[in-house]
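Below is one structure, written out as structure tokens; the observations come after it.
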Amino acid sequence: RYTATLRFGYTSDTLDVWGTVTPTGRPLPSLSAIEAALPAFRGGIRQIPPMMSALKKDGVRLYDLARQGGEIEREARPVTIYSLDILGYDPAAGELRLDCHCSRGTYIRSLCDDLGRRLDGAGAIMTALRRTMAAGYTLAEAVSLEDVQAQGEALLRPVESMFTAYPLYTLPSPGKEARVRNGNPITVPELADGTYRVHGKNGEFLCLSCAENGTLTSIKNFFGA
């Protein structure tokens with residue numbers, strides 16, 4: 001998840017303010033026009049990655065080709081934009097702030113550029129970007145380098161914290177727990193299909209498992225031998 005700032009009225013060879021920036025001379029879009037354009041960028045979309053990226057072509061990074069003055073055709077790739085919301089807009093400056101929750105592989109610079117093209121060719125370049133969530137951890141949970149140096153391993157989170165987005169299922173009997181610990185599936189007619197964090201009777205996090213058609217099968221075990 002990211003907070004991105006973009007400015008309309010410009011294009012850039014890197015799609016951001018750190019490249020060669022060129023004014024488009026086009027009128028700045030209204031807030032209502034931006035709101036009308038955003039739904040096209042939500043959900044599953046296809047996106048052409050920028051030349052200034054770490055993707056490889058024939059073993060060579062695209063940014064190395066770009067620095068040599070090269071430009072090659074790139075295939076559009078599928079990505080998912082789970083949410084895309086306006087945080088603020090200054091119509092006089094043409095500056096827009098967005099909150100974007102997206103799948104891996106999404107280029108926010110490309111998203112800004114595509115939005116600028118869609119709005120009557122106004123153009124847009126990314127001027128600031130901040131990651132606010134990764135792998136389920138939010139910016140509010142971040143710690144400073146000084147804290148890491150001072151506290152070290154005391155700051156480590158339990159493994160289960162990686163999977164808190166999934167519902168918890170506690171094994172109801174020692175017999176089922178024994179089967180799980182031996183790597184066997186168990187019957188769980190009470191569970192809807194989906195992925196679960198699985199606890200033993202004593203509250204120990206055992207595994208991440210998948211329930212399907214009344215059977216719970218381990219995806220990954222985390223208990224000791």
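Search region 131-149 for residues that are free of Cβ contacts under 8 Å to residues at least 40 places away in the same chain and open to solvent by less than 70 Å² (accessible area, probe 1.4 Å) and pair each with any residue that is of a type in the set (A, V, I, L, M) and part of a loop (DSSP other than H, G, I, E, B) when their beta-carbon atoms are under 8 Å apart and the residues are at least 6 apart or on different chains.
Pairs that qualify, where the first residue is free of Cβ contacts under 8 Å to residues at least 40 places away in the same chain and open to solvent by less than 70 Å² (accessible area, probe 1.4 Å) and the partner is of a type in the set (A, V, I, L, M) and part of a loop (DSSP other than H, G, I, E, B), are 136/165.
Being more than 30 Å from residue 134 (Cβ to Cβ), in contact (Cβ under 8 Å) with a residue 12 or more places away in the chain and aliphatic (A, V, I, L, M): is that true of residue 188 here?
Criteria met by residue 188.
Given the residues 206, 171, which is the only one that is aliphatic (A, V, I, L, M), within 19 Å of residue 158 (Cα to Cα) and either at pLDDT below 95 or surrounded by 11 or more Cβ atoms within 10 Å (Cβ to Cβ) (or both)?
206
Would you check if there is a residue in region 169-192 being basic (Lys, Arg) and touching a Phe, Trp or Tyr at 6+ places or on another chain (Cβ under 6 Å)?
Within region 169-192 (the criterion being basic (Lys, Arg) and touching a Phe, Trp or Tyr at 6+ places or on another chain (Cβ under 6 Å)), the answer is no, since none of the residues qualifies.
I need the full set of residues from region 184-203 which are in a loop (DSSP other than H, G, I, E, B) and open to solvent by less than 50 Å² (accessible area, probe 1.4 Å), in order please.
188, 191, 200, 203
Which residues, counting only those in region 158-168, are exposed (fewer than 10 other Cβ atoms within 10 Å of the Cβ) and more than 20 Å from the chain's Cα centre (by Cα)?
Passing the criteria: only 158.
Does region 87-130 hold any residues that are among the small types (Gly, Ala, Ser) and open to solvent by 10 Å² or more (accessible area, probe 1.4 Å), and which are they?
88, 92, 93, 103, 105, 121, 128
The values are calculated or read from the model by the stated rules, or taken from the named source; none is laboratory data. These numbers come from a predicted model, not from an experiment. Quick reminder, even Gly has a Cβ in these numbers, built from the backbone with ideal geometry, and neighbours come from all protein chains shown. Accessible surface areas use protein heavy atoms only, side chains included; no ligands, DNA or RNA. Shrake-Rupley method; radii C 1.70, N 1.55, O 1.52, S 1.80 Å.
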